[in-house]
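Written out below as structure tokens is the structure these notes cover.
The values are calculated or read from the model by the stated rules, or taken from the named source; none is laboratory data. Everything numeric in this text was worked out from a predicted model, so none of it was measured. Positions of Cβ are generated from backbone atoms using ideal geometry, with glycine treated the same way; all protein chains shown enter the neighbour counts. Just the protein is used for accessible areas: all its heavy atoms, side chains included, with ligands, DNA and RNA removed. Shrake-Rupley method; radii C 1.70, N 1.55, O 1.52, S 1.80 Å.
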Amino acid sequence: MTDSPNSSAAGSFWRGTLAVMPLTIAVIPWGILAGSLALESGLSPIQSQAMSAIIFAGSAQLVALGMIKAASGLMAILVTTALITSRHLLYAMAMREAISPLPLRWRLILGFLLTDELFAIANQGKLAKFDPWYALGGGLSFYLGWNLATLAGILAGNAVDNLGSLGLDFAIAATFIALVVPRVKDGASLLCVLTALCLSVLCEALAVPGGLLIASLSAMAVGYGYSQWGGRKS
Amino acid sequence: MIWITILAMAALVFISRYLLLDPKLPIRLGRRTQAFLSFSAPAVLTAIFAPIVFLRDGSLNLSPFNPYLSCALLATVLVLLTRNTLVTVIISMAVFFFIH
């Protein structure tokens, strides 16, 4: 890249790597689970690693593995994947101003790397300050961590019994709490989070299809509505 | 069959991430849309973690003996006190795996 001096590019890359580091550490149990569950669902070690290497979407992978194990059809798996992954449309929309002017190569790479975690560190709302090298550092190091953790899960998969019952999913909860709570700074964001919390629990308990999207969009609407008409200016 | 599933899933996930980043898509974001989208991170992340914390075996569990709930409260307090993601994540996960 010629648009930024090399030293600052490397610096940004490193700062992105550091910013995502807590999330990379927290994703390790989740990756181990993905690797071992893949073997348990009948995938070969290569297929198990390929899931993390080319899909790179933890929640979609874990749900799909459960469905593969239950011998669900391809169509059912893909519809479920589409629902789970639909939140990335929101992320891409929010990052559009920052990423779409970049060259194709950057868009493809950052698009591929656009996980919950990368979105959380790269989208701070100050779009003018978006730094692609920072996002690349965060995205690539997180990708590496996720795949190494999957590999560890594949290697340990046969050695550890009942890995699924260890409660590795708490890692995701801890990470997201650490990301969300500091962002609750005003009435609008508090209402948004509370709405998402209540609706997602309700939808999940009632097994409503698309509950994640319903809860997210409703929460965004409540937060936005409050900031525009009810509360202080956003 | 598994390879087809993996490749089709990969294509779906990539499209959902890339599609709206493409400048050829004729979308202009107004100020209101951007303000709306600024709520996407807390909304989506909360909607992902809340069911993990509050539901056990598909039903609401508000007992203090639900380790997910007690450790989630611990994580909330820790991040408010320390403002440090790494410390919060590591301590709350360590306590969780200890009591679980």
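At a glance:
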quantity	calculated
Qualifying positions in the range A:207-223 - modelled with pLDDT under 95 and on the phi < 0 side of the Ramachandran plot	A:V208, A:P209, A:G211, A:L212, A:L213, A:I214, A:A215, A:S216, A:L217, A:M220
Of residues in the range A:62-86 being of a type in the set (G, A, S) and either on the phi > 0 side of the Ramachandran plot or within 9 Å of chain B (Cβ to nearest Cβ) (or both), the one least open to solvent (accessible area, probe 1.4 Å)	A:A64
Residue that is part of a helix (DSSP H, G or I) and at pLDDT 95 or above, where the choices are A:G138, A:G153, A:G164	A:G138
Qualifying position, being open to solvent by less than 10 Å² (accessible area, probe 1.4 Å), of a type outside the set (A, V, I, L, M) and in contact (Cβ under 8 Å) with a residue 24 or more places away in the chain, among A:S41, A:S48	A:S48
Qualifying helices (runs of 4 or more DSSP H) (wholly inside the range A:15-104; at least 2 residues being of a type outside the set (F, W, Y) and more than 24 Å from A:Y134 (Cβ to Cβ))	A:28-40, A:45-50, A:58-69, A:74-85
Subset of the range B:43-75 [among the aromatic types (F, W, Y) and either more than 18 Å from A:L191 (Cα to Cα) or surrounded by fewer than 24 Cβ atoms within 10 Å (Cβ to Cβ) (or both)]	B:F54, B:F65, B:Y68
Hits in the range A:206-224 - residues which are more than 17 Å from B:T46 (Cβ to Cβ) and of a type in the set (G, A, S)	A:A207
Residue among A:V201, A:V180 that alone is touching a Leu at 6+ places or on another chain (Cβ under 7 Å), modelled with pLDDT of 90 or more and over 21 Å from B:S38 (Cβ atoms)	A:V201
Flag if A:L89 is under 26 Å from A:L39 (Cα atoms), at the interface with another protein chain (Cβ under 9 Å from one of its Cβ atoms) and open to solvent by 30 Å² or more (accessible area, probe 1.4 Å)	no
